[in-house]
1. Relative contact order for the chain: what percent, with Cα pairs under 8 Å and sequence separation of 6 or more?
2. If R0 is 22 Å, what FRET efficiency do you get for Ile52 and Cys9 from their C-beta distance, rounded to 0.05?
3. Can you compute the helix-only [θ] at 222 nm over the chain? Use -39500 (n - 2.57) per DSSP H run of at least 4 residues, normalise by all residues, nearest 500 deg cm²/dmol.
4. Note the angle between two axes, namely the Cα long axis of helix 34-54 and the longest principal axis of the Cα atoms of the chain, as a number of degrees from 0 to 90, rounded to the nearest 10.
5. When only alpha-carbon atoms are used, what values of Rg and Dmax, in angstrom, describe the chain?
Amino acid sequence: MNSHVFDLCKAMPYWEIPTDQRRLLWADTIHFSEKGYDLVGAMIADQLASIIEALPNSTEIKEDFEKVEL
């Protein structure tokens, strides 16, 4: 079984980010703002893309994904 971990706390350390950026990314000390959630989504998407590209059959997966209509 393969497992992958994305450390969100390490990727977006609340107390290490400058205050002006923190205000843009967090709505409060717990919840992200819209921009914060967009950034989290982009980081997770990048990680997933890296994982998929590393798979032995990643070309087949990519071709199958491109056939899906959203």
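Taken together, the values in this text are just the output of simple stated rules run on the coordinates, not laboratory data. This is a predicted model, so every value here is computed, not measured. Heads up, the Cβs are rebuilt from the backbone with ideal geometry, glycines too, and the neighbour counts pull from every protein chain shown.
1. 18
2. In this case the efficiency is close to 0.35.
3. Theoretical 222 nm ellipticity from helices: -18000 deg cm²/dmol.
4. For 34-54 against the chain, the angle is about 30 degrees.
5. Just the Cα atoms of the chain yield Rg and Dmax of 16.0, 44 Å.
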